[in-house]
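Notes for the one structure printed next.
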Amino acid sequence: METSLLRSFSFIAAEISPIFLINFLATTVLVIAAALYFHFRSKSIYLIDFTCYLPPDSLRVPTSNFIEHIEISGMHDRESVDFQTKVLERSGIGAESCMPITVHEIPPYSSLKATRNETETVLFTIVKDLLSKHKINPKSIDILVSNCSLFSPTPSITSMVINKFGFRSNIKSINLSGMGCSAGILSISLAKDLLKVHKNCLALVLSMEAVTPNGYGGRMKSMLLPNILFRMGGAAILLSNRKQEKRIAKYELQHLVRTHIGSDDEAYQSVFQQPDEAGHVGVLLSRALLRVATKALSSNMSELGPLVLPYSVQLRYAWSVICKKLWFLPSEKGIYVPNFKKAIEHFCIHAGGRAVIDGIEDSLKLHKEDGEASRMTLHRFGNTSSSSIWYELCYLEAKGRLKKGNRVWQIAFGSGFKCNSAIWKSISDIDPTKRNAWSDSIHFYPTQTDTLN
């Protein structure tokens with residue numbers, strides 16, 4: 001029997017030509033290589049849509065109202081009132097920005113219940129708007145990520161949303177706190193990682209900051225700044241890794257880079273929640289903040305640059321660094337700053353304040369029009385913390401600036417100190433007439449004073 005089988009295999013082997021064998025092996029290798037490629041290749045993350053909270057006009061805080069309010073409330077002495085008045089008038093924040101109802105009361109009323117009400121008002125509104133707009137059943141959401149830096153209740157913010165909308169019991173929910181104004185991109189990063197692991201999923205990301213509990217009643221000028229800058233707002237973002245969603249999605253995530261320079265003491269302490277000498281708790285914004293932000297941005301750019309910039313720009317940058325280190329380059333000239341406009345059409349710089357926007361524009365060698373979305377967001381909505389970059393993207397959409405194939409760079413900064421970047425590619429023709437948070441006022445912008453100053 002064995003002899004017969006051996007003879008049969010020998011006969012078959014003799015009949016197989018070397019060319020057939022080579023073709024067979026080559027085909028096998030190609031099939032295996034293709035299988036490995038499709039198995040290990042990066043899965044696309046699509047941004048189906050997003051929505052930003054639009055507060056009612058009754059919550060507006062014009063400069064005159066803000067000043068009158070802090071004078072009547074009796075929380076601040078004359079010097080503190082004068083300082084806040086001076087800073088607000090130069091802040092770039094307009095009369096349309098809003099604060100929650102409790103801050104309008106005299107004296108301002110802060111409690112756990114009031115903060116929870118503000119959070120529910122913002123998040124419930126934007127989640128309902130986003131889900132109803134796309135006729136999405138809440139039970140079809142697989143992943144829920146929320147971020148709110150200074151309000152972390154029990155049950156969590158994600159639990160509030162789950163309870164309100166009746167999400168599934170096996171939903172993967174994560175609540176982030178203490179991450180500062182850069183937490184919006186951190187939430188996108190976390191959702192992205194989860195979508196890489198779990199197939200055919202929808203992820204809902206919620207970004208906001210609660211203003212109600214964070215008013216500072218002391219006299220330290222560096223801790224009075226958040227009173228002036230921060231305003232009410234929030235954003236809901238719907239992500240998916242389903243291939244079929246590409247046809248309806250607005251954007252595709254290209255790159256996400258996170259930088260944390262908290263090992264440096266100056267950076268770590270540049271945005272710091274603490275009590276003052278009188279026991280008043282607030283968030284301190286140090287004088288070193290802009291220098292720290294520039295340092296964090298530089299580190300972030302060094303990692304992002306090779307991912308997006310043309311090779312010619314990368315080579316020029318590398319050569320300037322080499323020359324600088326070898327003392328061939330004059331010290332006054334400095335290192336070449338890569339021109340990111342060669343790879344990116346639109347910029348959404350965190351609207352942390354006029355000085356922050358100016359500083360980043362200078363660091364990136366951008367023109368004033370490149371920072372228009374950030375300046376106008378600061379003017380219309382104030383600093384809404386982690387959601388500000390979404391109001392800026394919303395502005396670009398309402399203006400009809402985004403074309404299919406354009407790339408957008410969202411740049412966010414936050415305590416720690418962190419600088420985070422997200423690059424989105426527009427994969428659809430976006431209709432600027434579709435209603436969003438800017439629809440009622442977009443024709444007033446850009447305002448001339450904020451464009452030029």
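The values are calculated or read from the model by the stated rules, or taken from the named source; none is laboratory data. Just so it is clear, the model here is predicted, and its values are computed rather than measured. Neighbour counts are summed over all protein chains in view; Cβ atoms, including those assigned to glycine, are modelled from backbone coordinates with ideal geometry. Keep in mind that these areas ignore ligands, DNA and RNA; they rest on the heavy atoms of the full protein, side chains included. Shrake-Rupley method; radii C 1.70, N 1.55, O 1.52, S 1.80 Å.
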Condition first: more than 23 Å from the chain's Cα centre (by Cα), surrounded by 14 or more Cβ atoms within 10 Å (Cβ to Cβ) and on the phi > 0 side of the Ramachandran plot. Now tell me which residues in segment 152-179 satisfy that.
none
Go through (1) modelled with pLDDT of 95 or more; (2) over 17 Å from Leu88 (Cα atoms) one by one and return the number of the condition Glu369 breaks.
(1)
Those residues of segment 68-102 which are assigned to a helix (DSSP H, G or I), in contact (Cβ under 8 Å) with a residue 60 or more places away in the chain, closer than 22 Å to Gly233 by Cα and open to solvent by 30 Å² or more (accessible area, probe 1.4 Å) amount to Val87
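May I ask you to verify whether Lys196 is open to solvent by 20 Å² or more (accessible area, probe 1.4 Å), touching a residue at least 40 places away in the same chain (Cβ under 8 Å) and touching a Lys or Arg at 6+ places or on another chain (Cβ under 8 Å)? Quick ask: steps written out before the conclusion?
Values: open to solvent by 20 Å² or more (accessible area, probe 1.4 Å): yes; touching a residue at least 40 places away in the same chain (Cβ under 8 Å): yes; touching a Lys or Arg at 6+ places or on another chain (Cβ under 8 Å): yes.
Answer is yes for this residue.
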Scan segment 199-211 for residues that are open to solvent by 10 Å² or more (accessible area, probe 1.4 Å) and either of a type in the set (S, T, N, Q) or in a helix (DSSP H, G or I) (or both) and jot them down.
Asn200
Of the conditions (1) farther than 30 Å from Phe444 by Cβ; (2) out of contact with any His (no Cβ under 9 Å at 6 or more places or on another chain), the single one that His134 does not satisfy is (1)
For the structure I just gave you, tell me whether Lys135 is open to solvent by 80 Å² or more (accessible area, probe 1.4 Å), part of a helix (DSSP H, G or I) and modelled with pLDDT of 90 or more.
no
Write out, first by first residue and then by second, each pair whose Cβ atoms fall under 8 Å of each other, whose residues are 6+ apart or on separate chains, and whose first residue, in segment 356-377, is in contact (Cβ under 8 Å) with a residue 40 or more places away in the chain and open to solvent by 10 Å² or more (accessible area, probe 1.4 Å) while the second is acidic (Asp, Glu) and in a helix (DSSP H, G or I).
Lys368/Glu361; Arg375/Asp450
For segment 394-403, indicate whether the set of residues that are open to solvent by 40 Å² or more (accessible area, probe 1.4 Å) and among the acidic types (Asp, Glu) is non-empty.
no
Index of the failed condition, Ile174 passing every other in (1) in contact with a Leu (Cβ under 9 Å, 6 or more places away or on another chain); (2) assigned to a strand (DSSP E or B); (3) under 18 Å from Met232 (Cα atoms):
(3)
Considering every residue within segment 218-241, establish whether at least one is of a type outside the set (A, V, I, L, M), within 18 Å of Ile143 (Cα to Cα) and within 16 Å of the chain's Cα centre (by Cα).
no
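Condition first: in a strand (DSSP E or B), modelled with pLDDT of 90 or more and open to solvent by 40 Å² or more (accessible area, probe 1.4 Å). Can you find one or more residues in segment 36-48 that meet it?
Going through segment 36-48, the residues in a strand (DSSP E or B) turn out to be 46-48.
From the residues that got through so far, the ones that are modelled with pLDDT of 90 or more too are 46-48.
Then keep just the ones that are open to solvent by 40 Å² or more (accessible area, probe 1.4 Å); that gives none.
Checked segment 36-48: no residue is in a strand (DSSP E or B), modelled with pLDDT of 90 or more and open to solvent by 40 Å² or more (accessible area, probe 1.4 Å).
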Among the residues that make up segment 385-408, is at least one of them touching a residue at least 40 places away in the same chain (Cβ under 8 Å), assigned to a strand (DSSP E or B) and of a type in the set (Gly, Ala, Ser)?
no
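Just the residues that are touching a Phe, Trp or Tyr at 6+ places or on another chain (Cβ under 7 Å) and either part of a helix (DSSP H, G or I) or under 22 Å from Tyr216 (Cβ atoms) (or both), please, taken from segment 138-163. Let's see the steps before the verdict.
Going through segment 138-163, the residues touching a Phe, Trp or Tyr at 6+ places or on another chain (Cβ under 7 Å) turn out to be 138-139, 141, 144.
If the condition is that a residue be touching a Phe, Trp or Tyr at 6+ places or on another chain (Cβ under 7 Å) and either part of a helix (DSSP H, G or I) or under 22 Å from Tyr216 (Cβ atoms) (or both), then Pro138, Lys139 are the ones that fit.
Output the residues belonging to segment 228-240 that are open to solvent by 20 Å² or more (accessible area, probe 1.4 Å) and of a type in the set (S, T, N, Q). Walk me through it before giving the result.
So the first thing to find is which residues in segment 228-240 are open to solvent by 20 Å² or more (accessible area, probe 1.4 Å), and the list is 229-230.
Listed by number, the list is empty, since nothing qualifies.
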Out of (1) in a helix (DSSP H, G or I); (2) crowded, with 22+ Cβ neighbours inside 10 Å; (3) over 18 Å from the mean Cα position of the chain (by Cα), the one Pro338 does not meet is (1)
